[in-house]
Amino acid sequence: MGRILIIFSWLNNFFDLKELQSNSRIIRNKGFCLFARLEKSVTNPIVSILPNSLEERGNYMQKLKSLLALFLVLSLLFMLPMNLYAQTAPAQVNFVASAPDSDSNITVTMSISNATFNAFQFAIRYDPVKLQPIDKSTKLATNRFNEFTTLNTDISGKFSTIGTDIDHPLGLIDFSLYLTPGESFSYETALVERAATIGNTPLIFYTFYFKVLDSSQPMFELAKEDSTKPYRVYLPNGGGLANAGLQMSSIIRIDFSALQKTVIEDEYINPNPPSNDTSQTPKPETSPPENQNEPIIKRPITSLERLTDTLVLQIGNYAAAKDGALCHIYPGEKIVTPYIKDQRTFVPIRFIAEKLGMEVTWNDTTKTVTFIKGSDVLTLTIGEKQYQKNGVTYSIDTAAELQWSRTMVPIRFVAEALGHAVEWNSQLNMVYITKSELPWLLEDPVEKQAANDVALVISPLLRDFV
């Protein structure tokens, strides 16, 4: 499985690129989807799902998107080595409300225990009719995150914050924190290099200040994806902890019992690869062969397995992913992207063919492109609705064309001529190119997870860091 090498000339003084190449990990199989998720089209900004607020918040979210990109990259550049430090139990994240004072003001503390991580990000949803963020000093209403919160001074020198915001009309709070590159931090447990480790005693990170306007439920919850409530498209599960680019198993507990006598608990368990104990290993689905003498094709059971030998492109996006690794279709030519014309999806064939292991040559005089792999030779001429494969002529319903001086072909050509399976995801505007014997199944849970993971890899948040 490939790994992405992120090269920044301005970071050369801070680390050895060879060490980065050996230690860095792309955001591929598990995806740390709590940091970002691509909206249905890359041409849209990454914003709240509420359409009425898109234009008003466009400028802000563009800035936030850039900040999150920096956040993501920094949290990935200075990671633990590939041998992650395993946790024997899920991390604990607690949001605990105090009893209201005489002015109906409360605090909500956010603490972490039993965790090894180097970043976290959360989106919290609250009812603005029932809770009002207030200035921690003046106790007056505020929409400024820094006035409404206190960061534990014991950790402020080791951690950095980014992407913090309050949107009171929507009732959304965003906040992110990462271990400052090169730092290590421990609290009542052994120190782990370049990681934050918290023992069994909870350590408070944030304190939030509210005025209670109405103590009836609901009041405070993770802003998970919901068809009727506001949430962040780039953070559909509401957030969590991460270590070395992977979302960590965690239990997130929201305790408002001092007001409501209620406790909300969410649990995320990071999917682990199959163990060596075959009795405990889930059996992957298989596709029975038509010929009983042929081997049974095993379906992938993890996102990592699914993205192996898979090429992913997206309409309007100059980034792509091969084996889950970020790449550019034509470096330096961001204008070259897949597009839809006359209800046909066109893709850059040279890029695809080379990623599939083919040798490609171009005859400018005849406007013909030739693909060679092993003993197979395939030729395609611009403007013609036919191609030749090993001397045999075949027809296609839409001719290849030149765009941006690049040969663009209908995606059906990839399936028919190059012998690969092609699947179209209309929700994400993505094309998945896989081995013919292992087609992409849109409704399979593994494919759904892989789709979210790869959407992050090629998203506007990360696509320029290659």
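Simple point charges give the picture: +1 on the Cβ of Lys and Arg, -1 on the Cβ of Asp and Glu, and for the range 302-457 a dipole about the Cα centre of about 380 debye.
One chain, two ends: LYS298 and GLU437. Fully extended at 0.36 nm per residue, the span grows by 49.1 nm beyond their Cα-Cα distance. Normalising the average separation of contacting C-alpha pairs (under 8 angstrom, six or more residues apart) by the number of residues puts the relative contact order of the range 302-457 at 21 percent. Qualifying GluC sites (Glu not before Pro) in the range 148-255, where qualification requires a DSSP coil assignment and no more than 11 other C-beta atoms within 10 Å, comprise GLU193.
Put a dot 7 Å past the Cα of ASP103, heading toward its Cβ, do the same for SER375, and the two dots end up 8.5 nm apart. Cross-linked pairs LYS158/LYS334; LYS334/LYS373; LYS334/LYS367; LYS158/LYS448: Cα-Cα separations exceed 30 Å for LYS158/LYS334; LYS158/LYS448.
Between LEU191 and THR228, the simple spin-label model (points 7 angstrom out along Cα→Cβ) gives 5.2 nm.
By other beta-carbon atoms within 10 Å, ranking ASP167, ASP154 with the fewest at the front produces ASP154, ASP167. The residue among THR361, THR345, THR381 whose Cα reaches farthest toward the positive pole of the charge dipole of the range 330-386, with charges on the beta-carbon of Lys, Arg, Asp and Glu, is THR345.
Each value in this text was obtained by applying a stated rule to the coordinates, not by laboratory testing. Model, not experiment: these values are computed from the prediction. Note: ideal-geometry Cβ built from the backbone for every residue, glycine included; neighbour counts use all protein chains shown.
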